[in-house]
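Novice: One structure follows; several queries about it will come next.
The values are calculated or read from the model by the stated rules, or taken from the named source; none is laboratory data. Everything quoted here is computed from the prediction, not taken from an experiment. We place every Cβ from the backbone using ideal geometry, glycine too, and count neighbours over all the protein chains shown. Accessible surface is based on the protein model in full, side chains and every heavy atom, while ligands, DNA and RNA are left aside. Shrake-Rupley method; radii C 1.70, N 1.55, O 1.52, S 1.80 Å.
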Amino acid sequence: MHSQSQPAVEAAFLNVQNAAKYMGISVNTLYVWRHRRQGPPSFRMGPGGRVMYRRDLLDAWLSEQEQADSRSNPALSPLNKAPQQRDRRRAA
């Protein structure tokens, strides 16, 4: 009997439960996002049509979400923009 530890193989494809765990969200949230076509890209695999997610696309989608949020992307923060000048003309 060998006691050597085998390196863990990270799956390239994740089912709904593992994808939700990977992202730190509930399975229900992932199903709702899929239904509304708001979440990361997914597809059906195999004869049973099992919903699967590619790990690299999950990472890319999460990165896009982070970049689209003004709290994590200083370029989008309204606090980093110069104040707008008000038009001082008065209505007649």
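Novice: Show the residue pairs meeting these rules: Cβ distance below 6 Å; 6+ apart or different chains; first residue within segment 47-66 and part of a helix (DSSP H, G or I); second residue exposed (fewer than 13 other Cβ atoms within 10 Å of the Cβ).
Specialist: Correct list of pairs: Arg55/Ala12; Leu57/Pro41; Glu66/Ser72.
Novice: On to the next question. Return the total of residues in segment 16-32 being assigned to a helix (DSSP H, G or I), under 15 Å from Leu62 (Cβ atoms), open to solvent by less than 70 Å² (accessible area, probe 1.4 Å) and without any contact (Cβ under 8 Å) to a residue 12 or more places away in the chain.
Specialist: Residues meeting the conditions: 2.
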